[in-house]
Amino acid sequence: MAVYTDITDEELATLLADFDLGAPLSLKGVAEGVENSNFLLETEAGRFFLTIYEKRVSEADLPFFLGLMGWLAAHGYPSAPPIPARDGELLKRVRGKPCAIVAFLSGLSVRRPTAAHCREAGRGLAALHLAAEGFTLTRANNLGQAAWSPMFASLKADAEGLKPGLAAQIDADLAVLAAGWPQGLPTGVIHADYFPDNVFFQAGRFAGTIDFYFACCDALAYDIAVALNAWCFEADGSFNITSARALVAGYEALRPLSDAERAALPVLAHGAAMRFFLTRLHDWGATPAGALVRPKDPLEYERKLAVHRSSPDLVLFGAPASANASAGKPS
């Protein structure tokens with residue numbers, strides 16, 4: 001979440017005239033994330049989020065994202081459904097850009113997840129996959145494995161500027177991932193950005209998920225791999241096996257993994273680290289001047305790539321093969 005497009009009082013009043021939400025009481029920009037312009041909106045009807053979709057989000061994909069959010073909420077999954085206008089439309093426009101108002105979801109994200117949080121997050125991810133079954137719209141993963149090499153072709157100089165020799169290492173990783181990327185795994189709707197700041201808790205229990213603007217159809221186990229990278233690395237770069245066990249156990253409490261899915265986790269986790277390294281590398285030099293946002297450090301995910309490269313069995317809870325692992329760190 002971030003603010004790239006401001007909105008005047010007059011523009012807000014014109015927008016809200018299409019909704020049954022009463023008069024606006026306050027509007028505050030949210031300076032987190034890197035994708036869209038987001039505002040915490042309070043009206044006479046309650047609290048909401050207003051999102052203005054920026055250039056990375058294709059308008060053609062918005063019916064999928066908003067439809068999924070509505071579907072999940074209607075099927076008992078704690079997410080923030082979009083609010084329809086009086087004419088039934090979910091999308092409106094501000095300054096020529098598409099926008100939507102979604103319900104406010106209560107809860108708090110955690111900055112330093114414990115193993116207990118990881119277990120709850122795993123259950124929440126499995127519940128998402130199950131609740132999404134039957135959703136009829138589809139969207140390909142445009143940031144999946146096939147996109148990585150073309151994406152990196154224009155970023156090699158940026159990688160080399162971050163760390164000499166990194167471009168060649170990333171090329172080698174991409175070749176390994178292309179040769180070993182798993183096929184035929186169970187697929188469905190995935191969140192694809194299941195990070196701690198997108199997951200809410202109340203009293204230590206999973207309370208909901210937000211930010212579905214990377215959601216797509218892909219291997220369900222890839223979502224677990226994204227989560228293992230996002231939830232189970234310590235601040236010092238070590239991989240916490242205890243937290244990883246908890247996350248997978250929480251997931252399997254609702255949706256057990258197949259043998260093929262479990263065996264694929266090492267390469268999926270390596271690939272998920274590559275995906276976030278590449279998009280962070282792109283954003284590092286592309287975030288607009290003056291945006292209320294700080295781009296995320298791509299070297300965090302370069303270090304995770306190094307762990308997966310040297311110790312692929314870690315995500316299967318194998319013995320650490322380097323100093324970049326922790327089997328029993330306090331969580």
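The values are calculated or read from the model by the stated rules, or taken from the named source; none is laboratory data. Remember, it's a predicted structure, so these values are computed and weren't measured experimentally. Cβ coordinates were reconstructed from backbone atoms using ideal geometry, including for glycine residues, and neighbour counts include every protein chain displayed.
Structure summary
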{"item": "Members of the stretch 143-188 found to be assigned to a helix (DSSP H, G or I), over 18 Å from Tyr301 (Cα atoms) and touching a residue at least 40 places away in the same chain (Cβ under 8 Å), listed by number", "result": "Gly180"}
{"item": "Residues satisfying the stated conditions in the stretch 58-100, i.e. touching a Leu at 6+ places or on another chain (Cβ under 7 Å) and among the small types (Gly, Ala, Ser)", "result": "Gly67, Ser79, Ala80, Ala100"}
{"item": "Counted residues, the stretch 181-212 - those being loosely packed, with under 13 Cβ neighbours inside 10 Å and small (Gly, Ala, Ser)", "result": "3"}
{"item": "Top-ranked residue in the stretch 240-275 [being among the hydrophobic types (A, V, I, L, M, F, W, C) and in contact with a Cys (Cβ under 6 Å, 6 or more places away or on another chain); ranked as surrounded by the fewest Cβ atoms within 10 Å (Cβ to Cβ)]", "result": "Ala246"}
{"item": "Pair list, Cβ under 9 Å, 6 or more apart: the stretch 99-118 residue in contact (Cβ under 8 Å) with a residue 12 or more places away in the chain, other residue part of a loop (DSSP other than H, G, I, E, B) and of a type in the set (Phe, Trp, Tyr)", "result": "Cys99/Tyr53; Ala100/Tyr53; Ile101/Phe19; Ser109/Phe195"}
{"item": "The stretch 189-241, residues that are touching a strand residue (DSSP E or B) at 6+ places or on another chain (Cβ under 7 Å) and of a type in the set (Gly, Ala, Ser)", "result": "Ala192, Ala207, Gly208, Ala215, Ala219, Ser238"}
{"item": "The listed residue being at pLDDT 95 or above, within 27 Å of Thr138 (Cβ to Cβ) and not hydroxyl-bearing (Ser, Thr, Tyr), out of Pro196, Pro186", "result": "Pro186"}
{"item": "From the options Leu220, Leu228, Leu257, residue that is touching a helix residue (DSSP H, G or I) at 6+ places or on another chain (Cβ under 8 Å) and without any contact (Cβ under 8 Å) to a residue 60 or more places away in the chain", "result": "Leu257"}
{"item": "Any hit, the stretch 247-262, residues being within 27 Å of Glu35 (Cα to Cα) and touching a Phe, Trp or Tyr at 6+ places or on another chain (Cβ under 9 Å)", "result": "yes"}
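Residue-wise test of (1) touching a helix residue (DSSP H, G or I) at 6+ places or on another chain (Cβ under 9 Å); (2) in a strand (DSSP E or B); (3) surrounded by fewer than 19 Cβ atoms within 10 Å (Cβ to Cβ).
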residue: Gly67; (1), (2), (3): no, no, yes
residue: Ser79; (1), (2), (3): yes, no, no
residue: Glu89; (1), (2), (3): no, no, yes
residue: Arg93; (1), (2), (3): yes, yes, yes
